[in-house]
Amino acid sequence: MDLDFLGSVPDDPVVKQAVRQQMPFLQLAPQSKAAQAVLHLADRLQELRFPRLQRSKLRAQGLKGQSLGP
C-alpha cells in the first residue's frame, strides 16, 4: 500500500481563538496559516477524486454546503 503525504496543518493560535468563539477558523480567519493549509489539503483531495477537473473550477465551487463526512 502506498501512502502519499498530502500536507499538514500548522499550529496556529487562530484555531484556539475560533474554538473560544465557537466559530470555524476558516470563516474567522481565512488567510491564517491553518486555514490556508486546510484549503491546500482540500485542493489535494479534490485532485485525487476529480483528476480531470481544473482546480480553478473546483475552487470556484468551493466547500460551501458540502458535507465533510462520509
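The values are calculated or read from the model by the stated rules, or taken from the named source; none is laboratory data. The structure presented is a predicted model; accordingly, all values stated were derived computationally and were not measured. Because the Cβ atoms are built from the backbone with ideal geometry, glycine has one as well, and the counts that use them run over all protein chains shown.
Descriptive notes on the structure:
- Where a residue in the range 9-26 is within 17 Å of Leu39 (Cβ to Cβ) and its partner, wherever it lies, is of a type outside the set (Phe, Trp, Tyr) and part of a loop (DSSP other than H, G, I, E, B), with Cβ under 7 Å and at least six apart: Asp12/Ser32; Val14/Ala29; Val14/Ser32; Ala18/Pro24; Phe25/Ser32
- Filter pass, Val38 being hydrophobic (A, V, I, L, M, F, W, C) and in contact (Cβ under 8 Å) with a residue 12 or more places away in the chain: yes
- Of the helices (runs of 4 or more DSSP H) lying entirely inside the chain, those containing at least 3 residues that are modelled with pLDDT of 95 or more and surrounded by fewer than 14 Cβ atoms within 10 Å (Cβ to Cβ) are 13-20.
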